[in-house]
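For reference, the structure discussed in these notes is given below.
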Amino acid sequence: MSKHLTRELVAEQAIIVDAPKPRHEVDRTFELPKGLYAATVALYLGFLIVMAAGLSTPGLIIPMAIFTVFIVAGFGVPAIWTRLAPETASKQMTFSRLRRDGIATLTGRLNARDASVQMLILPIIIFCWGVATVSIASLVR
């Protein structure tokens with residue numbers, strides 16, 4: 001059965017301790033400079049702009065809008081996540097620090113040029129693929 005406990009009885013029996021300290025601080029910076037992520041988003045959106053401009057038909061309006069929302073959400077949600085509470089002391093790496101220190105990857109330490117190439121190669125290839133596709137489509141018409 002339940003029993004009503006008075007405030008005085010609880011105060012007599014309670015053991016008051018200090019608030020627990022956080023075990024570790026979470027790093028939510030994704031390490032690389034913001035400019036590289038901005039370039040990635042710009043290249044993906046540039047691909048969609050090239051495709052929408054070169055292959056403009058009414059049937060592609062909705063798919064292009066959906067792809068745009070996916071790209072913005074795919075990079076926007078993590079960007080919001082990095083700013084959520086609790087505040088952390090970790091700061092995102094600047095490009096000058098990347099140039100000075102490089103970054104550790106699974107295959108070893110990379111300098112700024114190699115890390116940038118490794119990160120941007122796929123978006124650049126996709127953008128060039130869009131330009132090539134639209135160029136071929138315009139020549140065939």
Q | Top-ranked residue in the range 25-38 [being buried (at least 17 other Cβ atoms within 10 Å of the Cβ) and among the aliphatic types (A, V, I, L, M); ranked as farthest from Val117 (Cα to Cα)] | A | Leu32
Q | Search result, residues across the range 97-116 that are in contact (Cβ under 8 Å) with a residue 24 or more places away in the chain, among the aliphatic types (A, V, I, L, M) and out of contact with any strand residue (DSSP E or B) (no Cβ under 6 Å at 6 or more places or on another chain) | A | Leu98
Q) Going by the structure shown, is Ser116 under 17 Å from the mean Cα position of the chain (by Cα) and not in a helix (DSSP H, G or I)? A) no
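Conditions (1) open to solvent by less than 50 Å² (accessible area, probe 1.4 Å); (2) at pLDDT 90 or above, marked per residue:
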site: Arg100; (1), (2): no, yes
site: Ala104; (1), (2): no, no
site: Asn111; (1), (2): no, yes
site: Asp114; (1), (2): no, yes
site: Gln118; (1), (2): no, yes
site: Ile126; (1), (2): yes, yes
site: Thr133; (1), (2): yes, yes
Q.
Can you pull out every residue in the range 52-83 that is touching a Ser or Thr at 6+ places or on another chain (Cβ under 7 Å) and modelled with pLDDT of 90 or more?
A. Gly54
**Q.** Leu122 assigned to a helix (DSSP H, G or I), under 21 Å from the mean Cα position of the chain (by Cα) and at pLDDT 95 or above
**A.** yes
Q: List every residue pair whose Cβ atoms sit under 8 Å apart, with the two residues 6 or more apart in sequence or on different chains, where the first one lies in the range 75-96 and is on the phi < 0 side of the Ramachandran plot and open to solvent by less than 90 Å² (accessible area, probe 1.4 Å) and the second, anywhere, is modelled with pLDDT under 90 and among the aromatic types (Phe, Trp, Tyr).
A: Pro78/Phe30; Thr82/Phe30; Gln92/Phe30
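The values are calculated or read from the model by the stated rules, or taken from the named source; none is laboratory data. Since we're looking at a predicted model, the values are computed, not measured. Glycine gets a Cβ as well: all are built from the backbone with ideal geometry, and neighbour counts include every protein chain shown. Accessible surface areas use protein heavy atoms only, side chains included; no ligands, DNA or RNA. Shrake-Rupley method; radii C 1.70, N 1.55, O 1.52, S 1.80 Å.
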